[in-house]
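Undergrad: Below is a structure I'd like to ask you about.
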Amino acid sequence: MNQDISVLAELNMTLGESPRWNSQEKSWYWVDIIEGLLYRYCTQSEILSHRRFPFKTAVFFFTEKNHIILTSSKGLYLLESFDGDEIFLGNPETNVPDNRFNDGVSTPEGGFIAGTIGDGSQPNGSTYQFELINGVLNSTLLRDKYTIINGQVFSPNGEWYYATDTPTQEILKYPYDRNQQSLGEPHLFYSFKNTNEFPDGAAVDHAGNYWIALYGSGKVCQISPEGKRLQDIDLPVSQPTMLAFGGPSLSQLLVTSAKQGLTDKQLLEEPLAGSALLIETTTIGLEPTLVKD
């Protein structure tokens with residue numbers, strides 16, 4: 001294993017996703033979507049905790065009050081702490097019961113965007129823009145006809161929004177009007193077509209470089225703001241799912257992974273499949289904007 005890569009938590013997650021750094025708690029958070037789990041690893045005590053929900057957990061967001069907005073297969077919930085009760089906020093897709101939330105990003109103004117998927121084979125998913133105002137969740141449909149929405153981040157200046165529909169193997173870049181909180185027409189940022197590389201979850205660093213987990217090919221890829229591929233980091237797992245910058249200086253990159261779909265032979269060859277991996281980088285990342293509440 002590369003000396004710059006370590007194992008934060010050796011697990012067997014079916015679909016680990018949505019790593020997040022909580023600077024107030026000095027803790028890493030992430031989920032296992034399929035198993036309905038939310039994890040927290042405190043870097044000071046080195047204690048790993050988890051809790052299970054009666055639904056599939058998905059992308060989540062920290063708020064200015066250090067609460068958690070958790071998306072799921074049943075809609076969106078507010079947790080006032082890691083162990084707090086689930087307070088139902090709403091669900092914009094009550095008419096699509098087979099959909100669940102998947103990937104998302106907080107907006108520069110303190111709202112957030114979250115996207116849904118069906119079974120991953122048909123374009124049944126959509127993205128929604130949310131605001132939490134006086135405890136009430138407002139949602140607006142942003143885009144539809146996604147098969148597997150992923151890779152959502154904003155540029156450091158908040159003027160560009162990135163997203164991918166994973167099966168297309170293309171990352172799109174949208175101009176973002178911060179006054180109107182609206183997206184312009186997209187253009188192609190980077191293509192992985194004609195490869196076995198499928199873009200999944202993403203993060204951005206202080207220089208605007210786009211970091212993306214490549215599901216199925218066992219890599220993290222760094223792409224410049226101009227769309228130039230800068231480096232690949234090979235991982236000891238073939239199915240990295242998402243990544244996030246964090247740690248004391250925001251130079252660490254936490255990468256979640258999945259064991260779903262792997263054969264018994266592959267699992268023997270990849271004993272760390274479904275674990276959370278930590279990469280020491282030479283860059284400084286950006287923390288997502290906290291959601292206003």
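The values are calculated or read from the model by the stated rules, or taken from the named source; none is laboratory data. Just so it is clear, the structure is predicted and the values come from calculations on it, not from any experiment. With ideal geometry, Cβ positions are generated from the backbone for all residues, glycine too; neighbour counts draw on all protein chains shown. Heavy atoms of the whole protein, side chains included, go into the accessibility calculation; ligands, DNA and RNA do not. Shrake-Rupley method; radii C 1.70, N 1.55, O 1.52, S 1.80 Å.
Undergrad: Count neighbours as other Cβ atoms within 10 Å of each site's Cβ, and list the trypsin sites (Lys or Arg not before Pro) in the range 1-110 that are DSSP loop with at most 16 such neighbours.
TA: Counting only loop positions with at most 16 other Cβ atoms within 10 Å, the trypsin sites (Lys or Arg not before Pro) in the range 1-110 are 26, 65.
Undergrad: Follow-up question, since we're still on this one. Got a sec to turn the phi values of the range 259-268 into Karplus ³J(HN,Hα) couplings, 6.51 cos²θ - 1.76 cosθ + 1.60 with θ = phi - 60°, whole Hz, x for Gly and Pro?
TA: Result, ordered by residue: 9, 4, x, 7, 6, 4, 5, 5, 5, 5 Hz.
Undergrad: To continue, here is another question. Given a 1.4 Å probe and every protein chain left where it sits, what share in percent of the accessible area of the chain is carbon and sulfur?
TA: Of the solvent-accessible surface of the chain, carbon and sulfur hold 46 percent.
Undergrad: Given H placed 1.01 Å from N in the peptide plane, which residues other than close sequence neighbours of residue 90 have an amide H under 5 Å from its amide H?
TA: The answer is 76.
Undergrad: Then there's this: State, as an integer percentage, the relative contact order of the chain based on alpha-carbon contacts under 8 Å between residues 6 or more apart.
TA: 19
Undergrad: May I ask you to list the trypsin sites (Lys or Arg not before Pro) in the range 191-228 that are in a DSSP loop and have at most 10 other Cβ atoms within 10 Å of their Cβ?
TA: 193, 228
Undergrad: List the aspartates and glutamates whose Cα lies under 18 Å from the Cα of residue 173, skipping any in the same chain that are fewer than 8 positions away.
TA: Correct list for residue 173: 103, 144, 159, 165, 185, 200, 205, 226.
Undergrad: Hey, another quick one. Which residues' amide hydrogens lie under 5 Å from the amide hydrogen of residue 215, considering only partners 5 or more residues apart or on another chain, with H built in the peptide plane?
TA: Those lying under 5 Å, H to H, from residue 215 are 198, 200.
Undergrad: Residue by residue through the range 251-257, which ³J(HN,Hα) values in whole Hz follow from phi under the Karplus form 6.51 cos²θ - 1.76 cosθ + 1.60 (θ = phi - 60°), with glycine and proline marked x?
TA: 9, 8, 10, 8, 10, 8, 8
Undergrad: Counting only heavy atoms of protein chains, what accessible area per residue, in Å², does the chain have with a probe of 1.4 Å?
TA: On a per-residue basis, the chain sits at 43 Å².
Undergrad: Treating cross-link reach as a plain straight distance, find the lysines whose alpha-carbon is under 19 Å from the alpha-carbon of residue 56, omitting any fewer than eight places away in the same chain.
TA: 74, 259
Undergrad: Here's another thing I want to ask about it. Hey, rough spin-label estimate for residue 231 and residue 249, points 7 angstrom out along Cα→Cβ, what's it come to in nanometres?
TA: 1.4
Undergrad: Hey, can you grab everything whose amide H is under 5 Å from the amide H of residue 189? Only 5+ residues off in sequence or another chain; H modelled, so Pro and N-termini drop out.
TA: HN-HN under 5 Å from residue 189: 171, 172, 173.
Undergrad: Residue by residue, what Karplus-based ³J(HN,Hα) values in Hz, rounded to whole numbers, does the range 73-79 have, using 6.51, -1.76 and 1.60 with θ = phi - 60° and x for Gly and Pro?
TA: 7, 10, x, 10, 10, 9, 10
Undergrad: Something else now. Going by the alpha-carbon gyration tensor, a ≥ b ≥ c the square roots of its eigenvalues, is the chain rounded (a/c under 1.5) or, if a/c is not under 1.5, prolate (a/b greater than b/c) versus oblate?
TA: Rounded.
Undergrad: Of 89, 66, 101, which is farthest along the charge dipole of the range 62-102 in the positive direction, counting Lys and Arg as +1 and Asp and Glu as -1 at C-beta?
TA: Farthest towards the positive end: 101.
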